[in-house]
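Each remark here refers to the structure printed beneath this line.
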Amino acid sequence: MKKIEKILLPVDFGPTAENAFTYALLLADSLGASIDLVHCAYLTHPSTIAFEGYPISYEAETLEINEKRLKEFVADGLSRVLPQLKNAPVVNSELELGDLGVLIKTIAKDKGYDLIIMGTKGAHNFWRKLLGSNSVDVIYNAPCPVLVIPDEASFQGINRLCFATDLDHIDALASNELLSALEPFHPALDFVHVQDKPDRKHAMDMEFLRELVSRRLADFETGFHLLNDPSVAASIIDFAKMTEASMIVMPRPHYNFLDLLFHKSYTREVAHRTELPLLVLNAREKSIA
């Protein structure tokens with residue numbers, strides 16, 4: 001994870017998106033980052049129709065309506081938090097025609113964003129759609145980390161991170177880059193692994209992880225925690241609440257699309273259930289084993 005200078009925020013004009021925009025503004029203010037909002041409009045009608053002998057373009061009408069709504073959304077969002085901002089971030093907005101899940105990956109890659117922030121209302125709303133047919137386009141294949149903001153979450157700074165690790169891959173080594181990216185907050189960091197089966201073997205244990213990363217993180221408060229619980233996602237969320245974490249951090253699952261059809265993703269489950277922000281990091285393909 002590199003320094004966060006450019007943030008991409010997809011919005012749909014609803015209250016969940018409003019909350020995510022507020023969070024993004026306050027985060028960007030602390031990091032000195034800019035924010036680009038994107039709204040993806042859908043065309044559900046033919047491109048033109050005849051009305052009293054004159055052709056009317058649904059595309060032109062859709063663009064005009066949504067451009068107006070997008071400008072109003074930005075203005076309203078800025079006005080809500082402007083008194084709290086020390087250095088108001090630069091905010092740009094863009095309207096796209098098409099499917100959000102398909103476009104996000106392309107937009108993020110072409111313009112070199114450092115972070116995608118997305119609002120979510122849980123398993124039965126926006127996130128379910130993204131983690132269903134569009135899963136490979138957002139959280140699993142985005143070219144940069146994705147920060148999921150539940151509609152219950154509010155920005156209170158970033159004082160403590162709950163980093164969930166599987167003890168098999170080298171994802172925990174991303175903690176050094178993560179803390180560098182969040183340096184203005186200088187957060188404490190708890191590594192947590194949930195052992196769902198007593199006899200399951202891993203490439204490393206917590207003591208090995210401590211030795212591996214402690215020297216790198218000498219300037220930060222760190223903790224290393226091993227939990228035994230068959231309910232992995234629930235245990236991660238409960239631990240994060242107990243330690244008053246500002247954010248849960250999880251590596252992107254090491255699955256391709258076909259794997260996802262047959263494997264349980266704890267990252268996806270946490271995204272469905274958490275009331276805390278969830279930062280999904282880029283997957284590191286190498287294993288310790």
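The values are calculated or read from the model by the stated rules, or taken from the named source; none is laboratory data. Here the structure is a predicted model, which means the values were calculated and not measured. Positions of Cβ are generated from backbone atoms using ideal geometry, with glycine treated the same way; all protein chains shown enter the neighbour counts. Please note that ligands, DNA and RNA were not included when accessible areas were found on the heavy atoms of the full protein model with its side chains. Shrake-Rupley method; radii C 1.70, N 1.55, O 1.52, S 1.80 Å.
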At a probe radius of 1.4 Å, what is the per-residue accessible area of Glu183, in Å² to the nearest 10?
90
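Quick one: which of Lys2/Lys197; Lys71/Lys105; Lys2/Lys68; Lys2/Lys241 span more than 30 angstrom between C-alpha atoms?
Values: Lys2/Lys197 35 Å; Lys71/Lys105 23 Å; Lys2/Lys68 34 Å; Lys2/Lys241 27 Å.
Where the Cα-Cα span goes over 30 Å, the pairs concerned are Lys2/Lys197; Lys2/Lys68.
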Roughly how far apart, in whole Å, are the Cα centres of the stretch 199-216 and the stretch 71-96?
43
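Compactness ratio of the stretch 130-239: Cα Rg over 2.2 N^0.38 Å, N = residue count?
Values: Rg = 15.3 Å, N = 110, 2.2 N^0.38 = 13.1 Å.
Normalised by 2.2 N^0.38 Å, the Cα Rg of the stretch 130-239 equals 1.16.
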Once you list every other residue whose beta carbon is under 13 Å from the beta carbon of Arg216, what net charge do they have if Lys and Arg are +1 and Asp and Glu are -1?
-1
What does the net charge come to around Ala188 if you take all other residues with beta carbon closer than 12 Å to its beta carbon, with K and R at +1 and D and E at -1?
-3
Please give, to one decimal in nm, the separation of the simple spin-label points placed at Asp229 and Glu275, each 7 Å out from Cα toward the Cβ.
1.5
